[in-house]
Every structure is written in structure tokens, then in C-alpha cells.
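A.B. asks: I have a structure here, written as C-alpha cells, and I will follow up with some questions on it.
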Amino acid sequence: MMRHLYQWRLEWRFQWRLALLAAMLLNAMPAFADEACGKIPVTPEKAEWLGRDLVINGMQTDAAMMTFDASTDTISSQFRAFWQKEGAAARAIDTGHELLLSAIDKTCSYTLNVPVHANSPVTGLFSAARLSNDTPALPRALQPSAYPLPEGETVLDMVSHDSGSDARTVQMKLHDSSPERAAQSYAQRLVQQGWREVVQGSAMQPRSAAASGYALAMQKGGLRMDAAFSRQDGSTTAVINVSAHS
């Protein structure tokens, strides 16, 4: 069996999207949601919806990768002009590499992240979150009692619902600094709780010829787990995706 798991259902290239969505929503203040949050401040040339019914860190969220036939400067101007007409305050944060545009309209938080000073076409990550004090309950099969998580800090907790299945993706910063050791220890813990190991081994990130992380796939009844472990900024990051089919 191949040990390099380059094209899993949980691909390495989606990790940055998950972390980015979490960062976007951290600044949103809780409120009581009563709107659909369906406004699109800048019309895209095309949109690839990552999810229309996601729950990210407790907030109901729609998210899409959007491509615009415009430069970053034009997109930023259109974003702020739209919210000025709507009577909502908008702000922009320049990180040096990316431009984070955000606005809160009543009980909805809108964010758009695009590359800094890019020319047309520009692709960015858009999200619309319904702010609420009430956190939606996890599906029964994805609750903490169904499977343990590694020891560490949860950065992102996202739940998605598709036809016939539910999925939960958790991104964590682990205490163990070794991706391989963290993956093997986690796999052993799952096996002790009745999970079956499908495959385990080194994994390659896109555009890299060398193994740069560790990955595993586990199964228990109707639950399927894909997990990826990588070393980032001196610590181990784990992205764990569990899906339950009805």
C-alpha cells in the first residue's frame, strides 16, 4: 500500500482555508441572529462554495472561494462602497501578504480575504456568518463521546452537512512537537477505543517532493476519520476530519 497520501479527501491544500476562516471569525462579537446573511458585497466572476451550511467555531457560516475580474484595490474600494451604502462600517487589515476586508451588518459578519496589490483576476475567500449566542449542537455521531481528540489547543472546529452525511473538521495545535510521534500516539489511542487503522504513513504537501508530514485514516462502524499532522512554527498542527454516513 502506498505510504504517501497526497490526494486524500482531506487535502493539505485546504488547511490554510480552514485556519483563515477561523481567524476571520475571531473578531466577530456574538449577537442574536435573525437574518439569512445573504449579501454579496462584491460580485465575483465565479464562485466555488466550500459550504452553505457550515458551523465554524459555533457560528453558522457560508463560505466560498471567489474569483473577481478586478484588482485588489478595486475589490477593496467596491467592498467598502457597498457597506457605506448599506449603512454598515467596514474595515481593512493589511497583513503584508493578504488584505482582510470585514463588515458587521446587524447580526451578520461578512469577510473577504484577498492577496495584497494583486492584479486581475484575483481569487479570495469570502464568508458570511450568522452571529448568535446559541451554539448549534453537534450531530450525535460527531459528539466528543464518539471519539477522542489529541491533547492540545483547538484552533478551528467546523461542522458541515451534506446529503446523507455529516462531517466535523478540527484543527489543533498539539503539545507534541513531532508530527510522526503525535500521529502514532493518536492512532494507538483510537485503536484502544475500537477504531480500525486503514492506513498510516508519511504525507507530502503540494509542490513538495519530500515528505513533510504524517497522515492516517481510521474507521469505526459508520465513522471514517482522515487526519493530517504537520510541523508548523516549531509545533505540530493536526487537521482531523471525521465523517458519519446515515
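Taken together, the values in this text are just the output of simple stated rules run on the coordinates, not laboratory data. If you're wondering where the values come from, they're calculated on a predicted model, not measured in any experiment. We place every Cβ from the backbone using ideal geometry, glycine too, and count neighbours over all the protein chains shown.
A.B. asks: Among Ser145, Ala187, Val199, flag the residue with its Cα farthest along the positive direction of the charge dipole of the stretch 136-245, charges on Cβ as +1 for Lys/Arg and -1 for Asp/Glu.
C.D. replies: Checked the options; the winner is Val199.
A.B. asks: Just from the alpha-carbon atoms, what are the Rg and Dmax of the stretch 31-130 in angstroms?
C.D. replies: Using the Cα atoms of the stretch 31-130, the pair Rg, Dmax is 12.9, 38 Å.
A.B. asks: Please list, in chain and number order, the residues 5+ apart from Ala70 or on another chain whose amide H is under 5 Å from its amide H, with Hs placed from the backbone.
C.D. replies: Distant-sequence amide H within range of Ala70: Val122.
A.B. asks: Over all directions, the average projected area of the alpha-carbon convex hull for the stretch 136-245 comes to how many nm²?
C.D. replies: Numbers: hull surface 29.5 nm².
Average of the hull's projected areas for the stretch 136-245 equals 7.4 nm².
A.B. asks: For the stretch 94-111, just list the computed ³J(HN,Hα) in residue order, Karplus coefficients 6.51, -1.76 and 1.60, θ = phi - 60°, integers in Hz, with x standing in for Gly and Pro.
C.D. replies: 9, 8, x, 10, 9, 10, 9, 9, 8, 7, 10, 10, 6, 10, 10, 10, 10, 9
A.B. asks: Compute, for the stretch 44-90, the length of the dipole vector about the Cα centre, with Cβ point charges of +1 (Lys, Arg) and -1 (Asp, Glu) only. Units Debye, rounded to 20.
C.D. replies: Numbers: 4 positive and 7 negative charges, 28 e Å.
Charge dipole of the stretch 44-90: 140 debye, to the nearest 20.
A.B. asks: Around Val155, which amide H atoms from residues at least 5 apart in sequence, or from another chain, sit under 5 Å from its own amide H, with H modelled in the peptide plane?
C.D. replies: The list, which skips near neighbours in sequence, is Gln171, Met172, Lys173.
A.B. asks: How big is the dipole moment of the stretch 103-235 about its Cα centre under a simple scheme where the beta carbon of each Lys and Arg is +1, that of each Asp and Glu is -1, and everything else is neutral? Debye, nearest 20, please. Could the numbers behind the result be given before it?
C.D. replies: Details: 12 positive and 12 negative charges, 40 e Å.
Roughly 200 debye for the stretch 103-235.
A.B. asks: Specify which residue in the list Trp83, His117, Ala128 is farthest towards the positive end of the charge dipole of the stretch 80-233, using unit charges on the beta carbon of Lys, Arg (+1) and Asp, Glu (-1), about the Cα centre.
C.D. replies: Result: Ala128, furthest along the dipole toward the positive end.
A.B. asks: Also, quick follow-up: Could you go through the stretch 114-119 in sequence order and give the Karplus-derived ³J(HN,Hα) for each residue, using 6.51 cos²θ - 1.76 cosθ + 1.60 with θ = phi - 60°, rounded to whole Hz, and x for Gly and Pro?
C.D. replies: 9, x, 6, 6, 8, 8
A.B. asks: Follow-up. What list of ³J(HN,Hα) couplings, whole Hz, do you get for the stretch 128-134 from phi and the Karplus terms 6.51, -1.76, 1.60, once you set θ to phi - 60° and write x for glycine and proline?
C.D. replies: Calculated HN-Hα couplings, in order: 10, 10, 8, 7, 7, 7, 9 Hz.
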